[in-house]
Amino acid sequence: MLLRGAARGETAADSGDSLPDSVRHVLTGIGLTLRPPPGLRGAAAARENWESLAAIAQLADDMCAARPKATLADFSAELTMRADLGHAPAVDGVTLASMHAAKGLEWDAVLLPGMVEGLMPIVHARTADAVEEERRLLYVAVTRAREHLYLSWAAARGAGARGGRQRSRFLDGVRLGG
């Protein structure tokens, strides 16, 4: 980790820079800029990288506010501890994740769109075992919500399309609110 290496060589106090400035200096070398990259096609990876770096920089701001004398070594240790515990830096915004990728994570609100037959369970789930595996996957997804869970489905796909889609059988017996 670059921050760990920078912490070994120099602390924020030695350089005269604040912790956030020291962190941003290191992160600038690997792609952090003042503004996010433009949202052009094919630039999703660059945008995701920038957002990750910006989240780390924000974490440095938060640590400095809570502990004004924190050093780059303190910050590096905090990141190492978070990585060991599996806690990614939080950002204000929306996280898009597949049901598989959501395992082990939590959010205050979770929205699960597309709760229709063919998507949940997926059309390829043709055996009872495969359908039960899809049910377990949905269980993982719905248990990611701390406070709010929204499930949605549409009878038709696209504006002006005719109906024909059926709501997922997994919604049978679920009390739906408005």
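So the values come out like this:
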| item | result |
| --- | --- |
| Residue match in the stretch 130-143 (condition: aliphatic (A, V, I, L, M), at pLDDT 80 or above and part of a strand (DSSP E or B)) | no |
| Tally, over the stretch 1-44, of residues that are at pLDDT below 65 and either polar (S, T, N, Q) or part of a loop (DSSP other than H, G, I, E, B) (or both) | 9 |
| Residues located in the stretch 106-122, provided they are more than 15 Å from Trp153 (Cβ to Cβ) and surrounded by fewer than 13 Cβ atoms within 10 Å (Cβ to Cβ) | Glu106, Asp108, Ala109 |
| Condition broken by His124, with the remaining ones in (1) in contact with a helix residue (DSSP H, G or I) (Cβ under 8 Å, 6 or more places away or on another chain); (2) assigned to a strand (DSSP E or B) satisfied | (2) |
| Flag for Asp74 being at pLDDT 85 or above, in the same structural domain as Ala55 (by TED's automatic domain parsing) and among the charged types (D, E, K, R) | yes |
| Scope the stretch 124-149; condition surrounded by 13 or more Cβ atoms within 10 Å (Cβ to Cβ) and of a type in the set (Val, Ile, Thr); matching residues | Val131, Val140, Val142, Thr143 |
| Scope the stretch 144-178; condition at pLDDT 85 or above and hydrophobic (A, V, I, L, M, F, W, C); matching residues | Ala145, Leu149, Leu151, Trp153, Ala154, Phe170, Leu171 |
| Test result for Ala65, of a type outside the set (Phe, Trp, Tyr) and under 19 Å from Gln166 (Cβ atoms) | no |
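The values are calculated or read from the model by the stated rules, or taken from the named source; none is laboratory data. These numbers come from a predicted model, not from an experiment. No Cβ is skipped: glycine too gets one built from the backbone with ideal geometry, and neighbour counts run over all protein chains shown.
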